[in-house]
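Visitor: Sharing a structure, written as structure tokens. Questions coming.
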Amino acid sequence: MMTKPRIALFLGILCISIFPVIVRMNLTSGLISAFYRMAIATAILLPIAIYKDKVRLENIKMLFPIAVCGILFASDIAVWNISIQNSSATQATLLTNLSPIWVGVFSFIFLSYRPKKSFWLGTLIALMGMIVFVGIETILEFKLDFAFFLGILSGLLYAIYILVSKNVLAKMNIVTFMLYSMIFSTVFLFFINVFFHESFVGFSEKAWISLFVQGIVCQLIAWLLISYATQKMRATRVSLSLLSQAIFATILAAIFVNEKITNVQMIGSVIILAGIATTFYEKKTVPKSL
């Protein structure tokens with residue numbers, strides 16, 4: 001059944017799937033696009049939050065976990081982009097998409113939440129689909145280098161962000177959380193870009209358009225929807241569902257960048273979707289007859 005949270009999650013994933021396609025256009029560096037993605041989204045959300053009276057924090061103690069979420073999210077984006085710059089988008093994407101496993105493991109260890117069998121089965125199926133999707137040859141070419149471990153780190157950061165944000169969102173409004181979280185992300189990414197000597201100006205008109213699309217669609221709209229879904233759904237389901245962005249990104253790349261979709265990718269996509277569907281399976285209990 002497509003409930004509101006599930007619809008929000010689907011639309012949110014569709015929005016973030018545009019991001020890899022834009023990055024592939026190489027209009028700006030990965031790090032600077034991550035900064036403007038957060039900065040533009042923050043600049044648009046701030047007046048909306050003021051108008052809706054969502055700026056005030058009910059509990060100032062929540063500022064610390066929100067800051068943790070903002071830095072985790074920004075770190076994930078920065079690490080993921082650096083990993084791509086030092087290896088390939090395929091390797092970085094596959095390693096980052098190990099995050100559902102980390103979500104399940106961390107939930108079990110730190111939150112005393114035992115993920116259902118359907119989650120582990122769905123994760124196994126979906127990861128098999130990812131392997132088919134990117135190709136065995138690509139995986140065999142992986143090197144245990146700096147970029148490899150950055151990809152692993154990106155998946156860990158992503159998983160921790162999902163779990164921490166799930167806990168924070170249970171205690172506060174989504175718009176307020178997003179505003180403060182993105183402010184911390186923006187400031188953090190600003191210093192990251194300064195450290196790597198990135199230029200903040202001098203882009204083409206097409207590049208600026210792409211940055212605004214990233215900020216409005218890939219960040220603001222996408223993560224308002226995903227945060228809503230995270231608030232209402234299990235973190236394990238949300239993390240596994242995010243694997244489908246690889247499929248949507250491939251379809252969008254075929255439309256906008258003229259990249260071919262291979263038969264192997266189509267088979268891998270079906271397996272990934274089957275894995276995601278498995279984790280949403282609920283065993284219905286039949287009441288015993290008297």
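Visitor: Just a yes or no: is a residue in region 71-88 of a type in the set (A, V, I, L, M), modelled with pLDDT under 75 and assigned to a helix (DSSP H, G or I)?
Guide: Checked against the condition, which is being of a type in the set (A, V, I, L, M), modelled with pLDDT under 75 and assigned to a helix (DSSP H, G or I), region 71-88 yields at least one hit.
Visitor: Further question: Test of understanding: among Phe177, Phe188, which residue is open to solvent by 10 Å² or more (accessible area, probe 1.4 Å) and closer than 18 Å to Pro65 by Cβ? Even if it seems obvious, please write down each step before you answer.
Guide: Values: Phe177 fails: open to solvent by 10 Å² or more (accessible area, probe 1.4 Å).
The conditions single out Phe188.
Visitor: Can you tell me which of (1) within 14 Å of Ala34 (Cα to Cα); (2) outside any helix (DSSP H, G or I) is the one Phe184 doesn't meet?
Guide: (2)
Visitor: When Ala49 is evaluated against the numbered criteria (1) at pLDDT 85 or above; (2) under 16 Å from the mean Cα position of the chain (by Cα), which criterion, by number, is the only one it fails?
Guide: For Ala49, the failing item is (2).
Visitor: Given the conditions (1) among the aromatic types (Phe, Trp, Tyr); (2) modelled with pLDDT under 80; (3) in a helix (DSSP H, G or I), and given that Tyr281 satisfies all but one, which numbered condition is not satisfied?
Guide: (3)
Visitor: Restricting to region 89-118, count the residues that are modelled with pLDDT of 75 or more and open to solvent by less than 40 Å² (accessible area, probe 1.4 Å).
Guide: Going through region 89-118 one residue at a time, the tally reaches 1.
Visitor: Another question about this same structure. Output the qualifying pairs, or none if there are none: Cβ atoms under 8 angstrom, residues six or more apart or on different chains, first residue in region 34-50 and closer than 23 Å to Trp80 by Cβ, second residue open to solvent by less than 60 Å² (accessible area, probe 1.4 Å) and not in a helix (DSSP H, G or I).
Guide: Close Cβ pairs satisfying both conditions: Phe35/Glu198; Phe35/Phe200; Tyr36/Thr28.
Visitor: Regarding region 198-220, can at least one residue be identified that is open to solvent by less than 50 Å² (accessible area, probe 1.4 Å), touching a residue at least 60 places away in the same chain (Cβ under 8 Å), in a helix (DSSP H, G or I) and in contact with a Pro (Cβ under 8 Å, 6 or more places away or on another chain)?
Guide: no
Visitor: A follow-up question, please. Going residue by residue through region 232-246, is there one that turns out to be over 24 Å from Lys4 (Cβ atoms) and either under 22 Å from the mean Cα position of the chain (by Cα) or in a helix (DSSP H, G or I) (or both)?
Guide: Taking region 232-246 as the starting set, the residues that turn out to be over 24 Å from Lys4 (Cβ atoms) are 246.
From the residues that got through so far, the ones that are either under 22 Å from the mean Cα position of the chain (by Cα) or in a helix (DSSP H, G or I) (or both) too are 246.
Yes, because at least one residue in region 232-246 is over 24 Å from Lys4 (Cβ atoms) and either under 22 Å from the mean Cα position of the chain (by Cα) or in a helix (DSSP H, G or I) (or both).
Visitor: Of everything in region 13-66, what is basic (Lys, Arg) and open to solvent by 20 Å² or more (accessible area, probe 1.4 Å)? Give them in sequence order.
Guide: Passing the criteria: Arg24, Lys52, Lys54, Arg56, Lys61.
The values are calculated or read from the model by the stated rules, or taken from the named source; none is laboratory data. On a predicted model such as this, the values are computed, not experimentally measured, just so you know. So basically every Cβ, Gly included, is an ideal-geometry build from the backbone, and we count neighbours across all protein chains shown. Side chains are part of the model used for accessible areas, which takes the heavy atoms of the whole protein and leaves out ligands, DNA and RNA. Shrake-Rupley method; radii C 1.70, N 1.55, O 1.52, S 1.80 Å.
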